[in-house]
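A.B. asks: Supplied in C-alpha cells, the structure appears directly below.
The values are calculated or read from the model by the stated rules, or taken from the named source; none is laboratory data. Remember, predicted model here, so these are calculated numbers, not experimental data. Cβ atoms come from the backbone with ideal geometry, glycine included; neighbour counts cover every protein chain shown.
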Amino acid sequence: MCFYGRSPSGDFLLVDNQFSNDVVVFKIEKGTGKLTKPDKEIKVKIPSSIQMYT
C-alpha cells in the first residue's frame, strides 16, 4: 500500500511504501511537473500515512 502527499510549496512529492518500509521524496519540476527521484530513500518502519504541517 502506498500513500503520498505534496509539500505546501509544491516543490516535492513524498511517497511512502508500506511494504518496503521507506519514504521517497521526489522533486517536482516547475512548469513540466516532471518528477526527479533522489539517490537516497528514507527508511521508516511501516509507514502508513503522509502528513504535512504548515
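Matching residues to (1) among the charged types (D, E, K, R); (2) at pLDDT below 85:
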{"site": "1", "(1), (2)": "no, yes"}
{"site": "23", "(1), (2)": "no, no"}
{"site": "28", "(1), (2)": "no, no"}
{"site": "33", "(1), (2)": "no, no"}
{"site": "45", "(1), (2)": "yes, no"}
{"site": "48", "(1), (2)": "no, yes"}
{"site": "54", "(1), (2)": "no, yes"}
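A.B. asks: I'm trying to understand the selection: among the residues of the stretch 31-54, which are of a type outside the set (S, T, N, Q) and touching a Gly at 6+ places or on another chain (Cβ under 8 Å)?
C.D. replies: 50, 52
A.B. asks: Another question, then. Considering every residue within the stretch 2-13, establish whether at least one is touching a residue at least 24 places away in the same chain (Cβ under 8 Å) and over 9 Å from the mean Cα position of the chain (by Cα).
C.D. replies: There is at least one residue in the stretch 2-13 that is touching a residue at least 24 places away in the same chain (Cβ under 8 Å) and over 9 Å from the mean Cα position of the chain (by Cα).
A.B. asks: Kindly provide the set of residues from the stretch 40-54 that are closer than 12 Å to residue 2 by Cβ and either surrounded by fewer than 14 Cβ atoms within 10 Å (Cβ to Cβ) or among the polar types (S, T, N, Q) (or both), ordered by number.
C.D. replies: So the first thing to find is which residues in the stretch 40-54 are closer than 12 Å to residue 2 by Cβ, and the list is 47-50.
Scanning the stretch 40-54 gives 48, 49.
A.B. asks: Just to be sure, is residue 37 touching a residue at least 12 places away in the same chain (Cβ under 8 Å), surrounded by 10 or more Cβ atoms within 10 Å (Cβ to Cβ), basic (Lys, Arg) and touching a Pro at 6+ places or on another chain (Cβ under 8 Å)?
C.D. replies: Details: touching a residue at least 12 places away in the same chain (Cβ under 8 Å): yes; surrounded by 10 or more Cβ atoms within 10 Å (Cβ to Cβ): yes; basic (Lys, Arg): yes; touching a Pro at 6+ places or on another chain (Cβ under 8 Å): no.
Against the criterion (touching a residue at least 12 places away in the same chain (Cβ under 8 Å), surrounded by 10 or more Cβ atoms within 10 Å (Cβ to Cβ), basic (Lys, Arg) and touching a Pro at 6+ places or on another chain (Cβ under 8 Å)), residue 37 does not qualify.
A.B. asks: Then there is this: Looking for whichever is surrounded by 14 or more Cβ atoms within 10 Å (Cβ to Cβ) and of a type in the set (A, V, I, L, M, F, W, C) here; the options are 19, 3. Which one fits?
C.D. replies: On the way: 19 fails: surrounded by 14 or more Cβ atoms within 10 Å (Cβ to Cβ).
3 is the lone residue from the list that is surrounded by 14 or more Cβ atoms within 10 Å (Cβ to Cβ) and of a type in the set (A, V, I, L, M, F, W, C).
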